[in-house]
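Reviewing the structure listed below.
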Amino acid sequence: MASRTILVGAQWGDEGKGKIIDVLSESHNVIVRSQGGNNAGHTVEVGPEKFILHLIPSGILRKGTTCIIGNGTVIDPVALGKELSMLHGRGIRTQGRLFISERAHLVAPYHPAIDKSREKSAAKRKIGTTGRGIGPTYGDKIARVGLRMHELRNPAGLRAALKKRIGEANELCRFNGWEGVSLDVVKDYTAAAAVLRPYIADTVSLLHKLVEKDRDILFEGAQGTFLDIDFGTYPYVTSSNTTSGGACTGSGLPPHHVTKVVGVMKAYTTRVGEGPLPSDSSELADLLHGMGREFGATTGRARRCGWFDAVLTGFARRVNGIDDLAVTNIDGLDTFAAVKVCTGYRLDGKKQDTPPADIGDFARCQPVYKTFKGWRRDTSGCKSWRSLPPAARDYLKAIADLTGARLAIVSVGPKREQTLFL
Ligand code: IMP
């Protein structure tokens with residue numbers, strides 16, 4: 001039976017999904033992005049080369065794969081145009097391999113402007129967004145006033161619609177005392193839109209044809225469970241469904257076709273942007289940053305770091321239906337004498353084994369830790385499960401058991417060959 005696998009982040013994004021998708025895309029012919037936009041940053045290292053992809057599925061780096069950007073995504077034509085040029089400049093062909101849903105929504109020039117202005121004026125309630133206009137674009141989609149990819153087929157209509165919307169957006173900006181957008185941006189925007197026109201497709205029909213042909217399909221989740229608009233640490237979340245259900249609504253694949261859900265998680269926890277992080281550890285952050293690790297692929301921001309939090313990953317397993325786990329960055333813990341795992345929270349003196357919906361309560365949760373022996377050995381050269389230090393194996397088994405899913409993949413470094421399959 002063909003595989004139709006959804007890959008999701010089980011934490012706050014940046015779990016190393018890009019690398020795992022790249023590894024899994026060897027056994028999948030079709031790779032689909034179904035939510036988010038160029039707020040994502042998926043890093044893939046192929047031999048001596050390093051690629052950072054924001055919107056184009058990481059599977060594009062494997063010859064012969066078909067890549068789909070589904071209806072649930074939001075697309076900034078200027079940013080996507082730059083990503084295409086980067087790939088073409090490095091010898092990667094995209095024509096005839098990349099298909100963009102005609103139903104995907106467009107990030108218009110005023111969306112990033114509004115995103116940044118809202119953040120600037122929010123003071124204490126700042127989300128810490130990537131500034132890519134993701135929230136305002138999804139906001140327009142839900143308010144039913146968004147622009148969609150199919151409008152790129154009609155350049156005159158797009159120009160007129162943009163001018164009208166820029167006028168309306170500038171009214172909003174004036175009202176709030178924010179900086180507006182000049183009409184000059186329309187020229188660059190429509191030029192970028194023209195580059196994307198050949199890629200626009202009816203991706204629902206395409207996906208169903210590929211299903212009928214029994215193709216192996218991988219859904220490349222972006223961000224992570226705790227950035228999900230419904231299940232994340234609201235309001236410190238992104239604006240799409242980053243959990244497994246989003247793969248279906250964002251692509252047109254019915255749920256009964258899904259064969260497996262893979263959850264990717266780091267051997268510890270990180271998050272960028274604002275919002276609570278119960279297992280926060282400055283000791284861990286200092287060490288990882290000192291090693292040059294944990295800086296954002298999209299914004300370069302230093303990520304906040306915490307111990308592995310099994311309350312979160314257990315919740316992620318439940319809402320996503322995670323079958324298999326891929327644990328990344330185990331090598332980040334190589335130098336510690338002891339490693340901690342958050343196994344529960346205490347809230348107002350009571351045990352709490354699931355993340356509270358109220359962000360105020362979540363911020364008051366006190367982590368309960370279990371301490372594990374460190375392994376103090378370099379794991380980055382390990383080639384098999386057996387060759388990992390026993391203490392590292394015990395730790396990995398424990399975090400998989402606490403999460404409640406099968407440990408299937410362990411990543412000991414960014415390269416394809418630094419991957420252990422169990
Ligand atoms: P937005 O998606 O730009 O609106 O940002 C909302 C929140 O999601 C912020 O905390 C961002 O830092 C976070 N975020 C968005 N995309 C990513 C990602 O790909 N990795 C990690 N965090 C992300």
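The values are calculated or read from the model by the stated rules, or taken from the named source; none is laboratory data. Predicted, not measured: the structure shown is a model, and the values here were computed from it. Note that each Cβ is placed from the backbone with ideal geometry, even for glycine, and that neighbours are counted across all protein chains shown. Quick note on the areas: whole protein, heavy atoms, side chains included, nothing else; ligands and nucleic acids left out. Shrake-Rupley method; radii C 1.70, N 1.55, O 1.52, S 1.80 Å.
Of the numbered conditions (1) within 16 Å of the ligand (Cβ to nearest atom); (2) open to solvent by 20 Å² or more (accessible area, probe 1.4 Å); (3) within 25 Å of L325 (Cα to Cα), D214 fails exactly one; give the number of that condition.
(1)
Of all residues in segment 374-417, which are open to solvent by less than 30 Å² (accessible area, probe 1.4 Å) and either more than 18 Å from C342 (Cα to Cα) or touching a His at 6+ places or on another chain (Cβ under 7 Å) (or both)? Explain how you work it out, then say what you get.
First, pick out the residues of segment 374-417 that are open to solvent by less than 30 Å² (accessible area, probe 1.4 Å): 374-375, 379, 382, 388-389, 391-392, 395-396, 398-400, 403, 405, 407-413.
Residues satisfying the conditions are W375, T379, C382, L388, P389, L407, A408, I409, V410, S411, V412, G413.
Just name the residue that is nearest to D228 (Cα to Cα) out of those in segment 295-321 that are assigned to a helix (DSSP H, G or I) and within 15 Å of the ligand (Cβ to nearest atom).
Checked segment 295-321; the qualifying residue nearest to D228 (Cα to Cα) is A316.
Output yes when any residue across segment 29-43 is modelled with pLDDT of 90 or more, in contact with a strand residue (DSSP E or B) (Cβ under 7 Å, 6 or more places away or on another chain), open to solvent by 30 Å² or more (accessible area, probe 1.4 Å) and charged (D, E, K, R), and no when none is.
No, the conditions are met nowhere in segment 29-43.
Please go through segment 87-122 and give me each residue that is assigned by TED's automatic domain parsing to the domain that holds K50 and free of Cβ contacts under 8 Å to residues at least 24 places away in the same chain, ordered by number.
H88, G89, G91, R93, G96
One residue is enough: does segment 348-368 have a residue meeting the conditions of a type in the set (K, R), free of Cβ contacts under 8 Å to residues at least 24 places away in the same chain and outside any helix (DSSP H, G or I)?
So far as segment 348-368 goes, yes, one or more of its residues are of a type in the set (K, R), free of Cβ contacts under 8 Å to residues at least 24 places away in the same chain and outside any helix (DSSP H, G or I).
Tell me the residue from N170, N154 that is more than 26 Å from S240 (Cβ to Cβ) and surrounded by 14 or more Cβ atoms within 10 Å (Cβ to Cβ), please.
Residue meeting the stated conditions: N170.
Does T403 meet the test of being assigned by TED's automatic domain parsing to the domain that holds T270, over 25 Å from the mean Cα position of the chain (by Cα) and not small (G, A, S)?
no
Within segment 180-189, does at least one residue satisfy the condition of being farther than 25 Å from N154 by Cβ, more than 16 Å from the ligand (Cβ to nearest atom), in a loop (DSSP other than H, G, I, E, B) and of a type in the set (G, A, S)? I'd like the intermediate steps shown before the answer.
We begin by selecting, within segment 180-189, every residue farther than 25 Å from N154 by Cβ; these are 180.
Imposing the further condition that a residue be more than 16 Å from the ligand (Cβ to nearest atom) reduces the set to 180.
Okay, now just the ones that are also in a loop (DSSP other than H, G, I, E, B), so 180.
Of the ones still in play, those that are also of a type in the set (G, A, S) are 180.
Yes.
State which residue is farthest from L206 (Cα to Cα) when the search covers only segment 232-273 and only residues that are more than 16 Å from the ligand (Cβ to nearest atom) and part of a loop (DSSP other than H, G, I, E, B).
Only one residue fits best here, namely A267.
Can you name the number of the only condition in (1) touching a helix residue (DSSP H, G or I) at 6+ places or on another chain (Cβ under 6 Å); (2) outside the structural domain of N38 (by TED's automatic domain parsing); (3) surrounded by 20 or more Cβ atoms within 10 Å (Cβ to Cβ); (4) in contact (Cβ under 8 Å) with a residue 60 or more places away in the chain that K126 fails?
So the condition that K126 fails would be (3).
Run down A194, A143, A201 and say which single residue is exposed (fewer than 15 other Cβ atoms within 10 Å of the Cβ) and modelled with pLDDT of 95 or more.
A143
For segment 320-331, indicate whether the set of residues that are open to solvent by 30 Å² or more (accessible area, probe 1.4 Å) and touching a Leu at 6+ places or on another chain (Cβ under 7 Å) is non-empty.
The answer is no; no qualifying residue exists.
Among the strands (runs of 3 or more DSSP E) lying completely within segment 1-112, list those that include at least 1 residues that are within 16 Å of the ligand (Cβ to nearest atom).
In segment 1-112, the matching strands (runs of 3 or more DSSP E) lie at 4-9, 30-33, 42-46, 49-53, 66-69.
Of the conditions (1) within 29 Å of the chain's Cα centre (by Cα); (2) surrounded by fewer than 18 Cβ atoms within 10 Å (Cβ to Cβ); (3) in a helix (DSSP H, G or I), L207 satisfies every one except a single condition; which number is it?
(2)
Quick test of your reading of the structure: A104 fulfils all but one of (1) buried (at least 21 other Cβ atoms within 10 Å of the Cβ); (2) of a type outside the set (F, W, Y); (3) closer than 21 Å to N170 by Cβ. Name the failing condition by number.
Single failed check for A104: (3).
Within segment 274-287, which residues are assigned to a helix (DSSP H, G or I) and touching a helix residue (DSSP H, G or I) at 6+ places or on another chain (Cβ under 6 Å)?
Selection gives nothing.
Could you tell me whether A297 is buried (at least 23 other Cβ atoms within 10 Å of the Cβ), within 22 Å of G36 (Cα to Cα) and in contact with a strand residue (DSSP E or B) (Cβ under 7 Å, 6 or more places away or on another chain)?
Considered against the rule, which asks whether it is buried (at least 23 other Cβ atoms within 10 Å of the Cβ), within 22 Å of G36 (Cα to Cα) and in contact with a strand residue (DSSP E or B) (Cβ under 7 Å, 6 or more places away or on another chain), A297 comes out as no.
Limited to segment 282-294, what total is found for residues that are open to solvent by 10 Å² or more (accessible area, probe 1.4 Å), closer than 21 Å to C342 by Cβ and more than 15 Å from the ligand (Cβ to nearest atom)?
Final tally of qualifying residues: 6.
Would a scan of segment 371-383 turn up a residue that is more than 28 Å from the chain's Cα centre (by Cα), in the same structural domain as V341 (by TED's automatic domain parsing) and part of a helix (DSSP H, G or I)?
No, that holds for no residue.
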